[in-house]
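A quick write-up on the structure given underneath.
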Amino acid sequence: MAAAWSPGDPTAAYAAPGECVFNTEWAAAPLVSKVAISHDTRIFTFGLEEGKALGLSTCACILMKGIDGPKDAEGAPVIRPYTPVSTNAMLGKFELMVKIYPDGKMSQHLDTLEVGKLVHFKHVGGNVKIQYPFQAKKEIGMIVGGTGITPMIQALHCVLGSKDDTSMVAMLYGSKTSKEILAKETLDAWERSSGRLKVTHVLSDEPAESTSWTGARGFITREMIEANFPKPDSDCLIFVCGPPPLYNVFSGPRDAPGQPPAELAGILKDMGYRTEQVSKF
């Protein structure tokens, strides 16, 4: 049974790069709780020192390695990056949203991990990308798939939670079915309360007989971008986050950690957007 979950009201509790409690050395943190928010997605809460904030910079990720956890084909520990859905306003703990894949070594490990058990985390400079206030851009477009919503939640916390920010945000969010839209209630609430966020959900596998769904079906298209996003010749930013096929279609593969941005490719390049306008999380 899925439980209700929300990251709360938009909260601009950002920290500068270099303030994260995790650094380049692996450090252990205990699993405090895990809650199912859909049939295959969980919120995992990990503990920190009492009164401590995670101190992670905007949209950055931390790396996770299981203690006695899964190994890859060569026998090396499996390491995965995750962007928390909690903010630095949360003290003594932090939250990760993780999709449980049938063949996902780390996600399966987490799903069976007992509360109280330890997991290793670390944070390196290459895990930090574009930082708020996002070069003072007034228009932001977001192309999102599945759990790619996690860094977008972080970005929205800052954009919508900062009183002097007037940026307009348009999000195209692709999910399989209406039951698999993550944080929908939160996005709906932020859309209503802010007046600066517009979210368009696009469902690829919603059953044809589902009469309750009146929104878009299929996949995110160039026409949807043209109808919702700022124009390529405007002072804008476009954020992309989701599974590998989403990058391949819209922007080209994600940039390697610590490397300069690769030349933009895909639909966004064809539309006239420039490499420096697009951030791939």
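The values are calculated or read from the model by the stated rules, or taken from the named source; none is laboratory data. Values in this document were obtained by computation on a predicted structure and should not be read as measured data. Ideal geometry is used to build each Cβ from the backbone, glycine not excepted, and the neighbour counts take in all protein chains shown.
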What are the pairs, 6+ residues apart or on separate chains, where a residue within the range 188-211 that is in the same structural domain as Gly145 (by TED's automatic domain parsing) and among the aromatic types (Phe, Trp, Tyr) has its Cβ under 7 Å from a residue that is assigned to a strand (DSSP E or B) and surrounded by 12 or more Cβ atoms within 10 Å (Cβ to Cβ)?
Trp190/Leu197
Qualifying residue in the range 163-171 (condition: farther than 26 Å from Phe44 by Cβ, out of contact with any Ser or Thr (no Cβ under 7 Å at 6 or more places or on another chain) and acidic (Asp, Glu))
yes
I'm checking my understanding of the structure. Among residues of the range 250-268 that are over 21 Å from Ile181 (Cα atoms) and at pLDDT 95 or above, which one is surrounded by the fewest Cβ atoms within 10 Å (Cβ to Cβ)?
Ile267
So is Ala60 within 26 Å of Ala16 (Cβ to Cβ), surrounded by 20 or more Cβ atoms within 10 Å (Cβ to Cβ) and of a type in the set (A, V, I, L, M) or not?
yes
Among the strands (runs of 3 or more DSSP E) contained in the range 116-198, which hold 1 or more residues that are among the charged types (D, E, K, R) and within 21 Å of Ser279 (Cα to Cα)?
139-145
Look at Thr24 and say whether it is among the hydroxyl-bearing types (Ser, Thr, Tyr) and surrounded by fewer than 17 Cβ atoms within 10 Å (Cβ to Cβ).
yes
